[in-house]
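Just below is one structure, and these are the notes that go with it.
The values are calculated or read from the model by the stated rules, or taken from the named source; none is laboratory data. These numbers come from a predicted model, not from an experiment. Cβ: placed from backbone, ideal geometry, glycine included. Neighbour counts: every protein chain shown. These area figures cover heavy atoms from the full protein model, side chains too; ligands, DNA and RNA do not enter into them. Shrake-Rupley method; radii C 1.70, N 1.55, O 1.52, S 1.80 Å.
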Amino acid sequence: MTTAGIDGSHAMPKGLRHGFGVNAFETSVPPHLVQRWLGHASLRTTSIYGDVIGPEERAFAARMWPANAK
């Protein structure tokens, strides 16, 4: 974890899993695939990874209104 520059709460299995889930949503992976990859029985559980705030939320919003859009 140290070599990869991962520290704090992200340097635990749960933190890595959460980061993976959020990143999957940020890169437009369809929710049903994220659900399968994380092994969730319910899409409702998977939706937690799409419920972001702060920088992640701003990244989602930026995809809707790209700076270079005409």
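Share of carbon and sulfur in the accessible area of the chain stands at 60%, probe radius 1.4 Å. Using Cβ point charges alone (K and R +1, D and E -1), the dipole size of the chain about the Cα centre works out to roughly 200 debye. Per residue, the solvent-accessible area of the stretch 1-64 (1.4 Å probe, heavy atoms of protein chains only, all protein chains present) comes to 72 Å².
Between Trp65, His32, Thr46, the Cα set farthest toward the positive side of the dipole of the chain (charges on each charged residue's Cβ, about the Cα centre) is that of His32.
Shape verdict for the chain, please, from the Cα gyration tensor: rounded (a/c under 1.5), prolate (a/b greater than b/c) or oblate. Verdict is oblate for the chain. Here the Karplus relation 6.51 cos²θ - 1.76 cosθ + 1.60, evaluated at θ = phi - 60°, turns the backbone of the stretch 43-57 into coupling constants of 5, 4, 5, 5, 4, 4, 6, x, 8, 10, 9, x, x, 5, 5 Hz, with x for every Gly and Pro. Protection proxy ranking, highest mean first, for peptides 39-47, 6-14: 39-47, 6-14, where packing is the per-residue count of other beta-carbon atoms within 10 Å, averaged.
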